Amino acid sequence: MIHAHPILAPMLALIAWTMIIMIWMMAERARAFGKAGIALGELPAGTRGPDLEPRLDPHAQWKAHNYNHLLEQPTVFYALCLALALMGSEAPVICVIAWVYIGLRIAHSLIQTTVNIVLYRGALFALSSLCLLALTVLTIWNALA
């Protein structure tokens, strides 16, 4: 049996969360498009989400904004997780920080997709960024050790 590195579990959890947000975003956008009378087949070639923002319910857009956020900073998290797994670094503190990062990102998603209070979102983003910084330092430390 192959032993999976423990750091892969939080990485896969964030990937799964991103897919949940993607499905929620698609459902919300479909509803918002219908409500706004937007037919996908009638949109000009090259139309992007931001082009339609003025015509769509802002609450529906919050899901799309969060999906985009889950494709930005977490890419660094994925790279760090893969680097740690390849190096074989299994320090428990690393996995704890990774899981805290996941919890903060999920909390950030839930705030942004529902009430979207920037103060709360910003605090969660700052805390998750500190986790990512700590993981970066620990990964570099492990690479140099």
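Check whether at least one residue in segment 19-31 is charged (D, E, K, R) and farther than 14 Å from residue 60 by Cα, and report yes or no. Within segment 19-31, none of the residues are charged (D, E, K, R) and farther than 14 Å from residue 60 by Cα. Scanning segment 19-54 for residues that are surrounded by 13 or more Cβ atoms within 10 Å (Cβ to Cβ) and touching an Asp or Glu at 6+ places or on another chain (Cβ under 7 Å) yields a single hit, 32.
For beta carbons closer than 6 Å, sequence separation of 6+ or different chains, a first residue in segment 37-66 that is closer than 21 Å to residue 110 by Cα and a second that is at pLDDT below 90 and of a type in the set (Gly, Ala, Ser), the qualifying pairs are 64/49. Does residue 113 satisfy the criteria of being within 24 Å of residue 58 (Cβ to Cβ) and assigned to a helix (DSSP H, G or I)? Here the answer is yes, as residue 113 does meet what is asked.
Candidates 45, 98: the one that is modelled with pLDDT under 95 and among the aliphatic types (A, V, I, L, M) is 45.
Inspection of segment 93-100 identifies no residue that is more than 21 Å from residue 7 (Cβ to Cβ) and of a type outside the set (D, E, K, R). Take residue 109 and decide whether it is in contact (Cβ under 8 Å) with a residue 60 or more places away in the chain, buried (at least 16 other Cβ atoms within 10 Å of the Cβ) and more than 20 Å from residue 7 (Cα to Cα). Judged against the criteria, residue 109 is a match. In segment 77-89, the residues that are in contact (Cβ under 8 Å) with a residue 12 or more places away in the chain and more than 8 Å from residue 11 (Cβ to Cβ) form Cβ pairs under 7 Å with partners that are part of a helix (DSSP H, G or I) and among the hydroxyl-bearing types (Ser, Thr, Tyr), at six or more places apart or across chains, as follows: 80/136; 80/139; 83/139; 84/139.
The values are calculated or read from the model by the stated rules, or taken from the named source; none is laboratory data. Note that the structure is a prediction, hence the values are computed from the model and not measured. Methodologically, a virtual Cβ is constructed for each residue, glycine included, from the backbone with ideal geometry; neighbour enumeration extends over all protein chains shown.
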